[in-house]
Amino acid sequence: MINSFISIAFDGLAFAMILFIISVGLSVTMGLMGFVNLAHGMFAMLGGYIAVSLIREWGAPFLLGAPLACVAVALISIVLERTLYRRLYGADELQQVLLTIGLVFMGIAVCTFIWGPLNVQLDVPPYLKGQVDLGFRRFPTYRTFIMLISFAVVIGLWYGFERTLLGAKVRAAVDNQRMAETVGINIRRLFTLTFALGSALAALGGALGTEILGLTPTYALEYLVYFLIVVAVGGLGSLRGAFLAALILGVVDTAGKYYLPAFGAFFIFAVTIVLLLWRPQGFYAR
Amino acid sequence: MEQPAYRNPLRTGAVRPTELLPWLAAALGFFLFPDYLQLGSQILIMVLFAMSLDLILGYAGIVSLGHAALFGTGAYTAGILSAHLGWSEPLSGLVIAGLVAGVVGFVCGAVILYTRGLTLLMLTLAVTILLQELANEQEHWTGGDDGLQGVVMEPLLGLFEFDLYGQTAYLYALAVLFVVFVAARTIVGSSFGQSLRGIRENERRMHAIGCPVYRQMLRAYTIAAVMAGIAGALLAQTTEFVALDVLSFERSGDVMIMLILGGTGRLYGAFIGAPVYMILQDQLARLSPEYWLFGIGALLVATILYAPEGMLGLAERYGVRARREAP
Amino acid sequence: MSEPLLEVRNLCKSFGALVVADEVSLALRPGARHALIGPNGAGKTTLVNLITGTVEPSGGVILLGGHDVTRWSQARRVKHGLARTFQINTLFRGLSVLENVCMAISERRAVAAKLWQRADARADVIAEGMELLESVKLDGDARRLVRELPYGRQRLVELAIALGLRPTVLLLDEPAAGVPSAESHVLLEAVEALPESMAVLMIEHDMDIVFRFAQRVTVLVQGAILTEGAPAEVGGDPRVQEVYLGENAELHGGRR
């Protein structure tokens, strides 16, 4: 009983961390530009696929392959932002939704073409396999590793957001765009930058999370809803909100699937509806 | 008294000759493609479904990613009526399904239409997935993942058997589509329809001129729900089967894409978008599903960037230009 | 003296520590031409939002035709004769000019809820719309889409929509804002031609317009009323001059 409880908490936490890493970029860019980007899940998926290829086919070591995949996805996202997204800033959300859905469809087709329709997994190096003893209990090494990386990302993000000039600019722009512009912040460039960073983080989550989320071409749609929930429930542009929402979502989803598997994702959506009706603007509204 | 300049033919009462075209095409299709009548009825059903989405999206400006919730409610209502309750008379089944979907639409709408933007988007989405999970779990009633079997239909009006070639089904769907269309056309041409357009164009101003915006939106949502429920019920009745995907996110997405391709806010967009989408899908997916997916994605991106008003909007733009250039 | 059509008593509103309305009191009688002036950020538009009901006051009372409407919805206040225009155009850009004004007329006539009546069959609504457009000299543009009109004409549509409601109390938020001075006379003529019995409150920056239009002037500074009186009195008030000159001095980087 206690044992299963601990392992659910552990797995839920690992899932939550992956959700957070992937979604946080979406939250910040949506808060910043009000752009409903449904293609964010595709960036996570691309991160996973590119990392798999780098490691399996190009023989890159794990600790190099994953970061390289992030860089690749960041570059791809910059190209898309400059050529497509930019045209729809300030357009209504329906157009943004449809443009990015179109991108997702194309992305799914391309990924199926290159990597095939079946589930692909990242090859984990030997030192991350097996279990690790944390004193009171043994845990899977790889998931422990995911959590460590995630905590590092959380701390890094918090520091970047709260303590650097870039972070201050982003916060100012999310808070009040017109004001930020009048004090000389270049919103467009700031957005490109955060967009690339957010996409890179999504790629990182996508690459690290293949063991938890799996990796098939429909990933981009399948998990999109989860990422969007984190953003909407957490509140646009809120780091704390996204973290809290990811935590709730990850743990509730894992527990729900464990205890009441017949209900599938029922709990998540019930909880989402209740939370959104309770706080329509999310936990930490602007 | 001068007549106002209405660009949209639906805003004048008179029927224009071009309005007969889709109906003519549908009638011709019956005789020209006897082997494709099943696809044909499905196209007609999706036209109806897309038209119902147009009412809330194109007229009232409510962006919903969960319109399948109402379609699926109608489909399961009609299916369960026949498979479990032995109620297999099609017309009454259709009406009941429409009403049940209307009630569900009213209740959901009453709760979610207080919100806007991403929150509204997420709520429509979450409600659909919730219903799908529920349908999946209630296997006894819905057949779960395997779909609802055992739906049978009595002859239409007690006279016309649903045949294997789908002739009755096609004509049934066409007739229902026509009746609902006439109702929808009247509604969007009414003062109420005009008021919805105002909400889409500028909600803030509608508040300022004393419009009870929430109430108008809820009414539109409920009417659209009835229409979507009827479309879903038609699918259940004509295929005598209900699959779980009637409630899927994909179906919500499909219908929205159909509407956008055709053009929103003009009812007839659905008549262009749904056939184009479904015939392309039928042909391309036969080659390879990836081609289809890539093609539709690219078409969508191109539409948004170059023809945000859809094919009908494009045609109108060139039509207007041609008319202006003519003396 | 007749009863006020609109009366505001001790209206208060604050957002956190920021006070935007501080014990504001005003009364508009039939035929009133009242100007509301004050430096940027004085809370003028907030006051309009409070009166129309888009912002809920933290304290105070709003009376419309003698009814306490403080807790009423915006729509209900409109039905009781309150209309407003916006400082930034708030129009139905994708519809024709005539459709824009008809939107307000059908709301007023309470036909907007009808599902089965054709919009264009309502010849009377359209006739009234055309009449209204003629009165503000917009009839030539009736068929055009609002978004195709030049800005100055759009400002006229902004006013015409409000007039379609046939209000007893009209709140004008800088009606001539952003209109080149060569074109603003059309707007001012329309404002001057408003029905005499209507009570009008106008937010305005341009003192020339205020002197030409208003019988009374209220000066708002940091959410509170600094003074109220006839235009000449207020214009000569040293405190008012200081507020405006002070602002100018700051603008030119003179002080501090």
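The values are calculated or read from the model by the stated rules, or taken from the named source; none is laboratory data. Treat the numbers as computed from the prediction; the structure is a model and nothing was measured. Note: ideal-geometry Cβ built from the backbone for every residue, glycine included; neighbour counts use all protein chains shown. Just the protein is used for accessible areas: all its heavy atoms, side chains included, with ligands, DNA and RNA removed. Shrake-Rupley method; radii C 1.70, N 1.55, O 1.52, S 1.80 Å.
On the stretch given as the stretch C:137-163, residues that are facing chain B (nearest Cβ under 10 Å), in contact with a Pro (Cβ under 9 Å, 6 or more places away or on another chain) and hydrophobic (A, V, I, L, M, F, W, C) total 1.
Flag not set for B:A78, criterion: within 14 Å of chain A (Cβ to nearest Cβ), of a type outside the set (K, R), in a helix (DSSP H, G or I) and under 30 Å from B:H140 (Cα atoms).
Can C:R166 be described as more than 7 Å from chain B (Cβ to nearest Cβ), in contact with an Asp or Glu (Cβ under 8 Å, 6 or more places away or on another chain) and basic (K, R)? Spelling it out, it is not the case that C:R166 is more than 7 Å from chain B (Cβ to nearest Cβ), in contact with an Asp or Glu (Cβ under 8 Å, 6 or more places away or on another chain) and basic (K, R). The residue pairs whose first member lies in the stretch B:282-305 and is more than 7 Å from every other protein chain (Cβ to nearest Cβ), whose second member is open to solvent by 40 Å² or more (accessible area, probe 1.4 Å) and of a type in the set (S, T, N, Q), and whose beta carbons are closer than 9 Å, counting only pairs six or more residues apart or on different chains, are B:W292/B:Q281; B:W292/B:Q283.
For the stretch C:57-78, the tally of residues that are within 14 Å of chain B (Cβ to nearest Cβ) and either of a type in the set (S, T, Y) or within 17 Å of C:K13 (Cβ to Cβ) (or both) stands at 5.
Here C:L98, C:L115 are screened, and the one residue that is within 7 Å of chain B (Cβ to nearest Cβ), surrounded by 22 or more Cβ atoms within 10 Å (Cβ to Cβ) and not charged (D, E, K, R) is C:L98. Only residues that are touching a strand residue (DSSP E or B) at 6+ places or on another chain (Cβ under 7 Å) and more than 10 Å from chain C (Cβ to nearest Cβ) were counted in the stretch B:184-236, giving 1. Within the stretch C:71-95, can you find the residues that are open to solvent by 10 Å² or more (accessible area, probe 1.4 Å), among the polar types (S, T, N, Q) and in contact with a strand residue (DSSP E or B) (Cβ under 6 Å, 6 or more places away or on another chain)? Listed by number, the list holds a single entry, C:Q87. Restricting the first member to the stretch B:136-151 and to residues that are under 14 Å from A:P261 (Cβ atoms) and open to solvent by 10 Å² or more (accessible area, probe 1.4 Å), and the second to residues that are assigned to a helix (DSSP H, G or I) and of a type in the set (A, V, I, L, M), the beta-carbon pairs closer than 8 Å and six or more apart or on different chains are B:N136/B:L244; B:E137/A:A262; B:D145/B:L244.
Checked against the criterion of being more than 14 Å from every other protein chain (Cβ to nearest Cβ) and free of Cβ contacts under 8 Å to residues at least 24 places away in the same chain, the stretch B:261-272 has no qualifying residue.
Listed by position, the strands (runs of 3 or more DSSP E) enclosed by the stretch C:1-85 that each have at least 2 residues that are within 20 Å of C:P195 (Cβ to Cβ) are C:18-28, C:33-37, C:82-84.
Could you tell me which residue of the stretch B:105-120 is nearest to A:L276 (Cα to Cα), considering only residues that are buried (at least 23 other Cβ atoms within 10 Å of the Cβ) and within 14 Å of chain A (Cβ to nearest Cβ)?
My answer is B:I112.
The residues in the stretch A:213-224 that are closer than 23 Å to A:R143 by Cα and either of a type in the set (A, V, I, L, M) or surrounded by fewer than 24 Cβ atoms within 10 Å (Cβ to Cβ) (or both) can be counted, and the count is 8.
Let's see how each residue does on (1) free of Cβ contacts under 8 Å to residues at least 40 places away in the same chain; (2) surrounded by fewer than 17 Cβ atoms within 10 Å (Cβ to Cβ); (3) within 14 Å of chain B (Cβ to nearest Cβ):
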site	(1), (2), (3)
A:G107	no, no, yes
A:L122	no, no, no
A:A152	yes, yes, no
A:T164	yes, yes, no
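The requirement of being of a type in the set (S, T, Y), open to solvent by less than 70 Å² (accessible area, probe 1.4 Å) and farther than 30 Å from B:P308 by Cβ is satisfied by A:S53.
When restricted to residues that are hydroxyl-bearing (S, T, Y) and either crowded, with 17+ Cβ neighbours inside 10 Å or not in a helix (DSSP H, G or I) (or both), the stretch A:171-194 contains 2.
On inspection, A:V231 passes the criterion of being in contact with a Ser or Thr (Cβ under 7 Å, 6 or more places away or on another chain) and either at the interface with another protein chain (Cβ under 10 Å from one of its Cβ atoms) or among the acidic types (D, E) (or both).
Okay, residues lined up against (1) without any contact (Cβ under 8 Å) to a residue 60 or more places away in the chain; (2) aromatic (F, W, Y); (3) over 26 Å from A:K169 (Cβ atoms); (4) buried (at least 22 other Cβ atoms within 10 Å of the Cβ):
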| position | (1), (2), (3), (4) |
| --- | --- |
| A:S7 | yes, no, yes, no |
| A:D11 | no, no, yes, no |
| A:N37 | no, no, no, yes |
| A:H40 | no, no, no, yes |
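Is it the case, given these coordinates, that B:F181 is more than 14 Å from chain A (Cβ to nearest Cβ), outside any helix (DSSP H, G or I) and open to solvent by less than 80 Å² (accessible area, probe 1.4 Å)? Against the criterion (more than 14 Å from chain A (Cβ to nearest Cβ), outside any helix (DSSP H, G or I) and open to solvent by less than 80 Å² (accessible area, probe 1.4 Å)), B:F181 does not qualify. Under 9 Å between Cβ atoms, at least 6 apart or on separate chains: pull out the pairs that start in the stretch A:168-179 with a residue that is at negative phi and end on any residue that is exposed (fewer than 12 other Cβ atoms within 10 Å of the Cβ) and assigned to a helix (DSSP H, G or I). From the stretch A:168-179, the pairs are A:A168/A:E162; A:R171/A:E162; A:A172/A:M179; A:A173/A:M179.
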